[in-house]
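Student: Here it is: the structure, laid out below.
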């Protein structure tokens, strides 16, 4: 009887080990496939676009000739756009998260609000484009300006920042809040000097992902009517502008093969801007992680 029990145990163990090996192999293949795909895409973009990268490419405006085409207006326009999106989305997102986690009562209404904010993070970007077209472009009369596009993109990434900030604030141990109250601090002082500094790494992680999405989105800009080619730079928040995704989209859809290489060069510039933004945010996040 004892021998039969040992045999059954060994069979179950062998079955579990085999099962684990199968799933380990599956996950390894999935990871390998993703990495190979990424390497192929990067290789293709670099090999096609590196020859078109030059000072002239960065300082010239768009042109109907591929060898004279530049990305100056789109690059400056994207920087203007992010100058609006970053403060608006982060301030509103973190403020909303603080209210929902620190001030709002735990009831069905607030639970319903939290659930819908999470659902908004999965709404297609073109829906936010239609919302921006209706409210900012037409109702408020902002037109095809930096401000209208910035507000539209802020709405797009706001749910992501709110959810990330909520999770980061929720992860701060209650003992730290109670210790602050025990020292005589007010609720606001506790939030500013205890909760937020400890939650900043998580908040910045969500903000990095959200800003990365905002700088590469094209659909909302197309819906609100942002032009793809401009021969001037924006001189204010109400000026017209173009952005890197719009310029790349215009080049990529042209039938001339040379513009495909120009589009690849534009993608390299966009990736460089994205990496610089992420590097700054990661540096700030790591600085606060070491402190708290």
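The values are calculated or read from the model by the stated rules, or taken from the named source; none is laboratory data. Quick caveat: nothing in here was measured; it's all calculated off a predicted structure. Neighbour counts run over all protein chains shown; Cβ positions are idealised from the backbone, glycine included.
Student: Could you identify the single residue in 214, 265 that is surrounded by 21 or more Cβ atoms within 10 Å (Cβ to Cβ), touching a helix residue (DSSP H, G or I) at 6+ places or on another chain (Cβ under 9 Å) and more than 29 Å from residue 121 (Cα to Cα)?
Tutor: One residue alone meets the criteria, 265.
Student: For segment 62-78, enumerate the residues that are part of a helix (DSSP H, G or I) and out of contact with any helix residue (DSSP H, G or I) (no Cβ under 9 Å at 6 or more places or on another chain).
Tutor: Result: 76, single match.
Student: Hey, which of the helices (runs of 4 or more DSSP H) in segment 135-235, taking only ones fully inside, have at least 2 residues that are in contact (Cβ under 8 Å) with a residue 60 or more places away in the chain, in the same structural domain as residue 278 (by TED's automatic domain parsing) and more than 21 Å from residue 76 (Cα to Cα)?
Tutor: Where helices (runs of 4 or more DSSP H) fall fully within segment 135-235 and carry at least 2 residues being in contact (Cβ under 8 Å) with a residue 60 or more places away in the chain, in the same structural domain as residue 278 (by TED's automatic domain parsing) and more than 21 Å from residue 76 (Cα to Cα), they are 146-170, 196-216.
Student: Of the numbered conditions (1) touching a helix residue (DSSP H, G or I) at 6+ places or on another chain (Cβ under 8 Å); (2) more than 28 Å from residue 43 (Cβ to Cβ), residue 244 satisfies every one except a single condition; which is it?
Tutor: Against the list (1) touching a helix residue (DSSP H, G or I) at 6+ places or on another chain (Cβ under 8 Å); (2) more than 28 Å from residue 43 (Cβ to Cβ), residue 244 comes up short only on (2).
Student: Picking from 96, 32, which residue would you name as being without any contact (Cβ under 8 Å) to a residue 24 or more places away in the chain, within 29 Å of the chain's Cα centre (by Cα) and surrounded by 10 or more Cβ atoms within 10 Å (Cβ to Cβ)?
Tutor: Selected residue: 32, the only one of 96, 32 that is without any contact (Cβ under 8 Å) to a residue 24 or more places away in the chain, within 29 Å of the chain's Cα centre (by Cα) and surrounded by 10 or more Cβ atoms within 10 Å (Cβ to Cβ).
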